[in-house]
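I have placed the structure first, in the form of C-alpha cells, so that the comments after it can refer back to it.
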Amino acid sequence: MNKLISNADRFLNAYAQIEQSLRKIVAPDRYLKFFELVRCACKSEPLVRQYKVDLLEFGELRNAIVHNRTDGRVIAEPDDEAVAAIERIATHLVEPPRVLPLFKKNVLTVDVQDPIDKAVKLLYHYSLSQLPVAEKGITVALLTTNTITRWLGKCFEKKVFSEETAVKEVLKYTEHDDNFRFISAVATLFEVQDLFYRYYQQGRRLDAILITSSGSLAEPLLGIVTMRDLPLVQKELF
C-alpha cells in the first residue's frame with residue numbers, strides 16, 4: 001500500500017508550482033527570493049495582488065517546513081485549511097479561470113443613429129441595464145438606463161419629447177464617458193474583478209466589461225460582464 005502524501009509534501013508541491021508561475025510572470029534577470037517575486041508580480045498580476053498577504057505568509061510557513069526537518073522528520077506540519085488554500089492559489093496561477101466560455105453570449109447592440117425607442121424596447125424586453133452602441137460597426141459607447149433617465153428628465157423640463165431622438169443625442173447625458181472597458185477573450189476572472197475594484201477605489205462606476213478576441217474595440221463582441229455578474233465571478237474564484 002502506498003503511503004498517503006503528507007500535508008507538508010502537498011504544501012511544498014503547491015509552493016513549487018506557485019514559485020515557478022511567479023518566475024514566469026516576473027521573468028527576472030537575476031535570482032529573486034519568493035517574497036520579492038510576490039511583490040514584483042503584484043504590479044502586473046491581479047491574482048497575485050489579491051493573494052499577496054496569503055502568499056507572503058505561505059513563504060514563511062514554507063521556510064519553517066524546510067528548515068525545521070530533523071532526521072527526515074517535519075516539525076512544522078501545515079493544517080488542512082492551509083494546504084487547501086495554497087493548492088487553490090496554485091491551480092488558479094497555472095490554469096486561471098477565464099471570461100470565456102463563462103460569459104460568452106450574443107451581445108445586443110444599437111447604432112448611434114437608431115431612435116431611442118429601439119434601445120428602450122430592447123432594454124425592457126431583455127431586462128437589461130445597458131447596451132453597447134456602435135458607429136460604423138465599431139463599439140463607441142455604452143448606453144445605460146441611468147443615461148436615459150437623465151435625458152428624460154431634461155425632456156420633461158423642456159416639455160419636449162420625441163421617441164425618434166437618435167441614440168447619439170441621448171448619449172450626451174452620459175455621466176461618465178469611460179463607464180465601460182474592453183478585455184480579450186483570454187482575460188482571467190481575476191482581471192475582471194480587479195477592473196471593477198479599481199473603478200470602485202477611484203469613486204467611479206464601471207457599468208460593463210466588453211469581451212472581444214484581442215480586447216480591441218474594432219472587433220465583434222463575444223460577451224459582456226456587468227456589475228450584476230460579480231456574484232458569479234466570485235463563485236467561480238472561491
_Additional length obtainable on full extension of the chain from residue 204 to residue 126, 0.36 nm per residue less Cα span_ = 25.5 nm
*When we measure straight from the Cα of residue 118, which aspartates and glutamates land under 20 angstrom away, once same-chain ones fewer than 8 places off are left out?*
135, 163, 164, 169
*Projected label distance in nm at residue 140 and residue 13, using a 7 Å step from Cα toward the beta-carbon*: 5.6 nm
*So which trypsin sites (Lys or Arg not before Pro) in the range 131-164 pass both tests, a DSSP loop state and at most 14 other Cβ atoms within 10 Å of the Cβ?*
136, 159
*Taking the Cα centre of the chain as origin, work out the dipole magnitude from +1 charges on Lys and Arg Cβ and -1 charges on Asp and Glu Cβ, in debye rounded to 20.*
260 debye
*May I ask you to compute the full-extension gain from residue 105 to residue 39, defined as 0.36 nm times their residue separation minus their alpha-carbon distance, rounded to one decimal in nm?*
20.1 nm
*Dipole of the range 132-238, positive direction: furthest Cα of 202, 139, 192, with charges on the beta-carbon*: 202
_In the range 173-238, the GluC sites (Glu not before Pro) that fall in loop regions by DSSP, at most 13 other Cβ within 10 Å_ = 175
*If you take the charge dipole of the chain about its Cα centre, with +1 on Lys and Arg Cβ and -1 on Asp and Glu Cβ, which of 15, 94, 125 is farthest toward its positive end?*
125
*Hey, of (i) 28; (ii) 18; (iii) 39, which did the structure itself give for percent of Cα pairs over 32 Å apart when calculated?*
(iii)
*Between the DSSP loop rule and a limit of at most 12 other Cβ atoms within 10 Å, which chymotrypsin sites (Phe, Trp or Tyr not before Pro) in the range 43-149 are left?*
126
*Where in the chain are the DSSP H helices whose C-alpha atoms run 24 Å or more along the long axis and whose mean Kyte hydropathy is at least -1.0?*
7-26
*Under 13 Å from the Cβ of residue 104, count the other residues' Cβ atoms, weight Lys and Arg +1, Asp and Glu -1, and hand me the total.*
+1
*Considering only Cα-Cα distances, which of the following residue pairs are longer than 27 Å: 52/235; 24/52; 43/172?*
43/172
*Normalised by the residues of the chain, what does the relative contact order come to in percent, with Cα pairs under 8 Å and at least six apart?*
18 percent
_Counting only Cα atoms, I'd like the Rg/Rh figure for the range 76-154, Kirkwood definition for Rh._
1.32
*Work out the FRET efficiency for residue 20 and residue 80 from their Cβ-Cβ distance, taking R0 = 25 Å, and round it to the nearest 0.05.*
0.55
*asked:* What aspartates and glutamates does residue 33 reach when the alpha-carbon gap must be under 17 Å and sequence neighbours fewer than 8 apart in one chain are set aside?
replied: 19, 54, 57, 60
*Under a plain spin-label model, where a point goes 7 Å from the Cα along Cα-to-Cβ, how far apart in nm are residue 194 and residue 235?*
2.5 nm
*What is the gain in length, in nm to one decimal, between residue 66 and residue 177 on full extension, counting 0.36 nm per residue of separation less the C-alpha to C-alpha distance?*
34.7 nm
*Could you give the dipole magnitude of the range 87-126 about its Cα centre, charging the beta-carbon of Lys and Arg +1 and that of Asp and Glu -1, in debye to the nearest 20?*
120 debye
*Could you give the dipole magnitude of the range 28-166 about its Cα centre, charging the beta-carbon of Lys and Arg +1 and that of Asp and Glu -1, in debye to the nearest 20?*
520 debye
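Read the figures in this text as sums done on the coordinates, not as results from a lab. Here the structure is a predicted model, which means the values were calculated and not measured. A quick note on method: Cβ atoms are made from the backbone with ideal geometry, for glycine too, and the neighbour counts reach across all protein chains shown.
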